[in-house]
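Each reported figure results from applying straightforward, stated rules to the coordinates on display, with no laboratory input. Treat the numbers as computed from the prediction; the structure is a model and nothing was measured. Methodologically, a virtual Cβ is constructed for each residue, glycine included, from the backbone with ideal geometry; neighbour enumeration extends over all protein chains shown.
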Amino acid sequence: MPTSVAVPAEILGLKHRRRRWLMPGLAAVVLLVALVLLFPLIAAHSAPASPRFETAVVTQADLHVAVTATGTLSARDSVSIGAEISGRVVRVVVDYNDKVQPGQVLAEIDPEQYRARRDDAQAQLGLAKAALLTAQATQREADLKATRLRAMGAKGLTSQQDLEGAEATLGRANASLANAKAQITSAEATLKVALSNLAKTVIRSPIAGVVLERSVEPGQTVTAGLQTPVVFTLAADLAEMLLAVKVDEADVGQIKPGLAATFTVDAYPNRVFASTVLKVKNMPTTSQNVVTYETRLSVKNTDGLLRPGMTATATIAIEDRKDVLLVPNAALRFTPKMPAPPEPATQGGFSIRRLMPPPPGGPPPSPPAGPVGDKAPTGPRVFVLRGPFPEPISVEVGASDGSQSAIRGPGISAGMAVIVGQAETTGG
C-alpha cells in the first residue's frame, strides 16, 4: 500500500524560483558567447579606415626633354612651271625624275599661230616706218615753205593770208610726224609681245634640278586664262629638304631655331635621320579645336633615301640634364587625404566598445593634429612616409619630359620612397 510523503512548502517555492531565473540566465550566457565569437568581425568593421599609400623611388639619372610632332617632307626649293600661252603641246622632252639644267627645253607648244603674229607685227612696224618717212618729208616741205613766206612777209612781198596758211600746214605736218613716230612705238611693242609669245612656245627650265611632277602629254591643249596651268614641278636639289611639322601650342614656347632634332619615316622604320629647326611660323592652324604651329626643320638627304611627301615623326631635343634626381610627375601632384578622426566617447549610457579589448599591438596611432599638410610648404613639394603618416618636403622642380621631373632639395636623395597615390582600406 503506497505511502504519501508531504513536501514542505519552502522546498516547492525554491524550485519555482529556480525555474523562473533559469531562462534569463541561459540567454545571458548565449549573448556573452555570441559577443566573444563575433568580436573579431565587430572590431574589423568598427576600426577606422586606414590609408594605404603607393610610393615610387627617387632615381638619379639623365633626363632628356623633347617635343614630338608629325609632319611631311618636301623639297627645300621647288618651282612650279606653267604654260603662259595657250596652244597644243607638240613635244615633251623630259619625264619624272629627270635632271635638268637652266635653260633646258622641257616641252614645246605649237608655234604656228605665234609665228604668224610675229610676222604681222613685223609688217606693221615696216608700214609705220614708211609712214614716218612720208611724215618727215611733208614736215620738211611745210617748214621750208613757212620759212620762205615769213621772209617775204617781212618785206611785204606776200599776203598775210598766205603766211597763215603756210603756218597751219606746218603745224599739221608736225602733228603727222609725231603720229608716225607713235605708230612706230606701238608697232615695236606689238612685235615685242609677238616675239615673247613665240619664245614662250618653248618651255624651259629656270633652274638646275630634278623633275618632280609632269602634268602634260604631247597633243594635249593647254589654256592660259585667269590661272596659269602648271605643267611641270621642279625641285632645285633633293639633297636639301624641308620637314614641316605641327607643334602643339603647349610646346611651341620651347621650340627655337637651331635646336637639334631627329625623325623617322615609315619607309625606313629602323633608321633615325638628323635635322635642325629652321623657324617657327607665327600663324596658327586650328583643327578640331586643337591649335598647332608649323615648324620647319632642315634635312640633309645626301644619300637620296628621303622623298617629298613622306610622313615623318620628329623628336625635337629641348634640354638634356645629366645625373639629376628624378621623380614621377604624380608625386608632385599628390596631396594626401587622411581619414576622419574617431567619434568622441559618449558621456553617459552604455557602449559595446567599452566591453571590447584593445586590438593587438595596442590602439592605432592618432593622426597629427589638424589635416596633414596644413603647415606644409606652399610651393612644389613631395610627400614621404614618417611612420604611418605622410610628411611634405619642399623641392625645386626643374625640367620635365612629361612623365618625370628633375627635382632638388635638402631633404631629397636617391633611393627615397615618395608617395604617388593613395587607396583606402579598412583596418582589422
Taking the Cα-to-Cβ direction at E240 and at R88 and moving 7 Å from each Cα, how far apart do the two end points lie in nm? 4.3 nm
Using the Cα centre as the reference, give the magnitude of the dipole from point charges on the C-beta atoms of segment 190-251 (Lys, Arg: +1; Asp, Glu: -1; all else neutral), rounded to the nearest 20 debye. 660 debye
Quick one: which of K99/K281; K256/K300; K145/K181; K99/K246; K200/K246 span more than 28 angstrom between C-alpha atoms? K99/K281; K99/K246; K200/K246
Amide H of D237 versus every other amide H placed in the peptide plane: which residues, excluding those fewer than 5 positions away on the same chain, fall under 5 Å? R76, D77
Rounded to the nearest 20 Debye, what is the dipole magnitude of segment 111-200 about its Cα centre when Lys and Arg each give +1 and Asp and Glu each give -1 at the C-beta? 220 debye
Length gained if R172 through L32 is fully extended, taking 0.36 nm per residue and subtracting the Cα-Cα distance, is 36.0 nm
Rounded to the nearest 0.05, what FRET efficiency do V79 and A123 give with R0 = 30 Å and r taken as the Cβ-Cβ distance? Could you check? 0.20
Which residue, T233, S205, S298, has the largest displacement toward the positive end of the dipole of segment 202-345 when charges sit on each Cβ (Lys, Arg +1; Asp, Glu -1)? S205
Quote to one decimal, in nm, the extra length available between Q422 and D62 on full extension: 0.36 nm per residue of separation minus the C-alpha distance between them. 126.8 nm
Note: probe point = Cα of V280 + 7 Å toward Cβ; backbone nitrogen < 16 Å; residues of segment 50-70 passing the test are 65-70
Here segment 305-316 yields Karplus 3J(HN,Hα) values (6.51, -1.76, 1.60; θ = phi - 60°; whole Hz; Gly and Pro given as x) of 6, 7, 10, x, x, 5, 7, 10, 10, 9, 10, 9
Tell me, how many Å apart are the Cα centres for segment 166-186 and for segment 231-277? 67 Å
Taking the Cβ of each residue in F232, F389 as the centre, tally the other Cβ atoms inside 10 Å and list the residues starting with the fewest. F389, F232
If I take R0 = 51 Å and measure r between the Cβ atoms of K99 and A399 in this structure, what FRET efficiency does the formula 1/(1 + (r/R0)^6) give, to the nearest 0.05? 0.65
Given R₀ = 30 Å, what would the calculated FRET efficiency be for V193 paired with Q136, taking r from the Cβ atoms and rounding to 0.05? 0.65
